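Notes follow the structure.
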Amino acid sequence: MNKTGERIYNLRIKNNMSQGNLADMLDVSRQTVSKWENNICMPDTEKLIQLSEVFKVSTDFILKGKEKNEPVYIYVNESDSKKTTAYNERIIRKYIGIVLAVIFSILTLLSLLFRGYFLTIIPAAVVLLGILFAKNAKHPWLITLWTSYIVTMAVLPFISAINLFYIFEPIIYKEGYTDHLLLAWGVWVILAVLVICTVMAVKKTKE
């Protein structure tokens, strides 16, 4: 009776992994891992080698439940190493994101409680960043900055009358509203930087 699936299951549980965790490390679907464990299908040679590396056992142990007497040397190519590193980085980002979201959610509530409505944007932005980290979203910083910028631009006119069209009003040059003018130009500079960063990020993703 083939007990390969049972051994994969036991090794996974012993290493405190879910089917999803193992699937991510091997670049397969969770359903594929489930099929292996239920002996519906067998992992191919490449995945078998990867399994042996993940669980630190020989391929013989996975297939037959026996270890060879001699040491087992398994070649791990660069792509496999990168996948493992990427998986570990995702786990770290996830927990960092959870911590950020929890802490800054409390700060956001405190800010609202003391009626610092405009300043609430800052901790709220960090909460969003934490959620994106926890979800392993692509370009979390860009999404957070764009969201913060849009919210700020929606609120700013009600606080200072400054908006993206402020620099086109002749009266501010005649009356010499220097501080307001600098802030208005700063809004445009930030927008330009966000657009450039977004274009670069999209190009990098396509490469």
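The values are calculated or read from the model by the stated rules, or taken from the named source; none is laboratory data. Treat the numbers as computed from the prediction; the structure is a model and nothing was measured. Note that each Cβ is placed from the backbone with ideal geometry, even for glycine, and that neighbours are counted across all protein chains shown. Side chains included, ligands, DNA and RNA excluded: accessible areas come from the protein's heavy atoms. Shrake-Rupley method; radii C 1.70, N 1.55, O 1.52, S 1.80 Å.
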Query raised in the report: Looking only at segment 1-22, which residues are in a loop (DSSP other than H, G, I, E, B) and either over 18 Å from Asn39 (Cα atoms) or in contact with a strand residue (DSSP E or B) (Cβ under 6 Å, 6 or more places away or on another chain) (or both)?
Result: Asn15, Asn16, Met17
Report task. Tell me which of these Val127 doesn't satisfy, since it passes every other one: (1) modelled with pLDDT of 85 or more; (2) open to solvent by 60 Å² or more (accessible area, probe 1.4 Å); (3) closer than 30 Å to Ile91 by Cβ. Result -> (2)
**Report entry** Among residues of segment 89-123, those that are within 21 Å of Lys135 (Cα to Cα), small (Gly, Ala, Ser) and open to solvent by less than 40 Å² (accessible area, probe 1.4 Å), counted
**Finding:** 2
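Only residues that are free of Cβ contacts under 8 Å to residues at least 60 places away in the same chain and under 22 Å from Arg90 (Cβ atoms): list them for segment 22-35, please.
In the first step, residues of segment 22-35 are kept if they are free of Cβ contacts under 8 Å to residues at least 60 places away in the same chain; the result is 22-23, 26-35.
Of everything in segment 22-35, those that are free of Cβ contacts under 8 Å to residues at least 60 places away in the same chain and under 22 Å from Arg90 (Cβ atoms) turn out to be Leu22, Ala23, Leu26, Asp27, Val28, Ser29, Arg30, Gln31, Thr32, Val33, Ser34.
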Report task. For Leu119, work out the one condition from (1) outside any helix (DSSP H, G or I); (2) over 22 Å from the mean Cα position of the chain (by Cα); (3) at pLDDT 80 or above it doesn't fulfil. Result -> (3)
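Have a look at Ile159, Ile172 and point out the one that is at pLDDT below 80 and closer than 14 Å to Ile121 by Cβ. Give the steps one after another, and end with the answer.
On the way: Ile172 fails: closer than 14 Å to Ile121 by Cβ.
Of the residues listed, the single one that is at pLDDT below 80 and closer than 14 Å to Ile121 by Cβ is Ile159.
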**Report entry** segment 24-49, residues that are small (Gly, Ala, Ser) and open to solvent by less than 40 Å² (accessible area, probe 1.4 Å)
**Finding:** Ser34
Query raised in the report: How many residues, within segment 50-79, are at pLDDT 80 or above and open to solvent by less than 100 Å² (accessible area, probe 1.4 Å)?
Result: 13
Report summary line: Residue hits (segment 118-161; in contact (Cβ under 8 Å) with a residue 24 or more places away in the chain and aromatic (Phe, Trp, Tyr)) are Phe118, Phe133, Trp146, Tyr149
Requested in this report: Please name all residue pairs, on different chains or six or more residues apart, with Cβ atoms under 7 Å, provided the first residue is in segment 41-54 and is free of Cβ contacts under 8 Å to residues at least 60 places away in the same chain and the second residue is surrounded by fewer than 18 Cβ atoms within 10 Å (Cβ to Cβ) and charged (D, E, K, R).
Outcome: Cys41/Lys35
